[in-house]
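The values are calculated or read from the model by the stated rules, or taken from the named source; none is laboratory data. Not measured: the values here are computed from a predicted model. Glycine also receives a Cβ, built like all others from the backbone with ideal geometry; neighbour counts cover every protein chain displayed.
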Amino acid sequence: MTLPDTMQGLVCREDGYSGRSEGPTIENLADWVSLESLPVPQPSGRQVLVKVGLANINPSDLHYIKGEYGQPRRKGVPAGFEAMGTVVAAGNDPAAQRLMNHRVAISVVKSGSGAWATYALTDASTCVPLHPGLRDEDAAALIVNPLTAFAMVRLAKEAGAKSFVMTAGASQLCRLMASFGRDEGLTPVAVVRREEHRSLMEGLGAFVLNSARDDFPAMLKQMIGECDPRILLDAVGDEVSAAIFGSMGRKSRWIVYGKLSPTSPPLPSLGQLVFSGKRIEGFWLTEWLGAASPDQRREAFETVQARFVSGAWKTDVSEVMPLSEAPDRLAAALKGMNRGKVLLRP
């Protein structure tokens with residue numbers, strides 16, 4: 001296959017960190033990235049070149065382009081951490097060569113050239129060969145949310161919890177965690193901010209709390225008494241998160257995996273951490289994957305793909321947008337992300 005010399009990509013306009021923490025919201029994508037023509041990268045060694053079919057957009061991508069993520073931006077390099085596509089070129093390492101012409105999901109958090117582009121360069125180890133029955137839409141969002149859902153539900157189960165609480169409870173990720181947690185014998189508790197999300201999450205087996213209601217403190221107390229959750233899976237990091245953790249019992253764990261709120265929460269009494277064995281910790285999927293054994297990684301990838309192929313999980317998509325239209329249209333489209341994912345098609 002003859003490859004073109006150039007490609008399109010949405011490249012970062014700035015280097016490094018911004019020093020701010022405003023949250024993953026944008027009013028104008030062009031403030032952070034620009035659509036440019038770039039040379040098609042050439043793979044070597046264990047690298048592969050993937051012709052991107054669909055690229056996903058997660059809150060972490062928005063944190064990254066704004067300089068708020070856990071690793072620095074690279075000016076002039078395409079953004080985007082997650083996508084699916086076909087391997088069209090490979091380095092001379094056998095691991096890379098074995099992936100030639102395969103449809104794969106990729107994560108380029110720590111390597112490669114970014115997924116918001118016609119082609120993405122990445123290490124063979126970041127590629128997940130895809131089940132032939134998996135939809136492209138599910139494949140594009142296969143890694144970040146589904147593997148996080150798998151990892152954190154298993155974490156709760158291995159900790160001996162019978163229940164776990166999720167903030168941003170109507171998000172795509174929490175929908176995955178709710179149904180998987182239910183199937184694993186746990187009671188998921190979804191904290192939402194709109195009453196319209198109640199029936200959706202209850203249908204997935206979750207106990208639902210609406211933090212915007214006046215009776216939230218009373219409902220929180222009732223939930224603690226009925227469910228006794230010991231794991232808080234938090235994507236928001238605000239005063240509601242702190243109130244939930246403060247209400248939870250001994251040896252509870254507040255696990256932060258995102259920061260949707262631009263404000264810092266008041267910490268609960270530090271005495272709780274001293275005398276009740278409570279813990280506040282972070283979760284980053286990249287580190288979890290790096291620490292997992294080959295057997296654990298294989299189980300995770302097989303489980304998440306099987307759930308999509310069987311219909312137990314589905315990626316809700318609100319719009320598939322051409323890459324060329326993203327600078328003008330993406331910010332407005334992202335305001336409706338609770339209705340489904342926005343995917344980019346190069």
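Listing for the model above:
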{"item": "Test for ASP234: is it in contact with a Phe, Trp or Tyr (Cβ under 7 Å, 6 or more places away or on another chain), crowded, with 17+ Cβ neighbours inside 10 Å and outside the structural domain of VAL109 (by TED's automatic domain parsing)", "result": "yes"}
{"item": "Tally of residues being more than 22 Å from the chain's Cα centre (by Cα), among the hydrophobic types (A, V, I, L, M, F, W, C) and not in a helix (DSSP H, G or I) across the stretch 231-250", "result": "1"}
{"item": "Pair list, Cβ < 8 Å and 6+ apart or interchain, from the stretch 1-26 residues that are on the phi > 0 side of the Ramachandran plot and in the same structural domain as LYS335 (by TED's automatic domain parsing) to residues that are in a loop (DSSP other than H, G, I, E, B) and surrounded by fewer than 16 Cβ atoms within 10 Å (Cβ to Cβ)", "result": "GLY16/PRO72; GLY23/PRO262"}
{"item": "Pair list, Cβ < 7 Å and 6+ apart or interchain, from the stretch 63-87 residues that are on the phi > 0 side of the Ramachandran plot to residues that are in a loop (DSSP other than H, G, I, E, B) and surrounded by fewer than 24 Cβ atoms within 10 Å (Cβ to Cβ)", "result": "GLY67/GLU14; GLY67/TYR17; GLY67/SER18"}
{"item": "Matching residues, the stretch 308-321, being among the charged types (D, E, K, R) and assigned to a loop (DSSP other than H, G, I, E, B)", "result": "LYS314, ASP316"}
{"item": "Criterion (outside the structural domain of PRO59 (by TED's automatic domain parsing) and either surrounded by 17 or more Cβ atoms within 10 Å (Cβ to Cβ) or touching a residue at least 24 places away in the same chain (Cβ under 8 Å) (or both)) met by exactly one of ALA212, ALA190", "result": "ALA190"}
{"item": "Among the candidates GLU299, GLU325, GLU319, GLU287, residue that is within 24 Å of LEU35 (Cα to Cα), among the charged types (D, E, K, R) and without any contact (Cβ under 8 Å) to a residue 12 or more places away in the chain", "result": "GLU325"}
{"item": "Qualifying residue in the stretch 143-155 (condition: closer than 20 Å to ARG46 by Cβ and buried (at least 16 other Cβ atoms within 10 Å of the Cβ))", "result": "yes"}
{"item": "Residue among PRO39, PRO59 that alone is of a type outside the set (Asp, Glu) and modelled with pLDDT under 95", "result": "PRO59"}
{"item": "Residue that is more than 21 Å from the chain's Cα centre (by Cα), in contact (Cβ under 8 Å) with a residue 60 or more places away in the chain and not assigned by TED's automatic domain parsing to the domain that holds SER171, where the choices are GLN47, GLN97", "result": "GLN47"}
{"item": "Verdict on ASP228 being touching a residue at least 24 places away in the same chain (Cβ under 8 Å), under 23 Å from the mean Cα position of the chain (by Cα) and not assigned by TED's automatic domain parsing to the domain that holds PRO129", "result": "no"}
{"item": "Where GLY185 falls short, out of the listed (1) surrounded by 17 or more Cβ atoms within 10 Å (Cβ to Cβ); (2) not assigned by TED's automatic domain parsing to the domain that holds LEU38", "result": "(1)"}
{"item": "Conditions (1) closer than 19 Å to ALA141 by Cα; (2) in contact with a helix residue (DSSP H, G or I) (Cβ under 7 Å, 6 or more places away or on another chain): number failed by LEU29", "result": "(1)"}
{"item": "Output for the stretch 276-307, where each listed residue is surrounded by 13 or more Cβ atoms within 10 Å (Cβ to Cβ) and in a loop (DSSP other than H, G, I, E, B)", "result": "SER276, LYS278, PHE283, TRP284, ALA292"}
{"item": "Selection within the stretch 1-43 - surrounded by 13 or more Cβ atoms within 10 Å (Cβ to Cβ) and among the small types (Gly, Ala, Ser)", "result": "GLY9, SER18, SER21, GLY23, ALA30, SER34"}
{"item": "Subset of the stretch 296-316 [of a type in the set (A, V, I, L, M, F, W, C) and either out of contact with any helix residue (DSSP H, G or I) (no Cβ under 6 Å at 6 or more places or on another chain) or modelled with pLDDT under 95 (or both)]", "result": "PHE301, ALA306, VAL309, ALA312"}
{"item": "Breaking point among (1) at pLDDT below 95; (2) crowded, with 19+ Cβ neighbours inside 10 Å; (3) not in a loop (DSSP other than H, G, I, E, B), for GLY258", "result": "(3)"}
{"item": "Condition check for ASP123: among the acidic types (Asp, Glu) and more than 21 Å from TRP313 (Cβ to Cβ)", "result": "yes"}
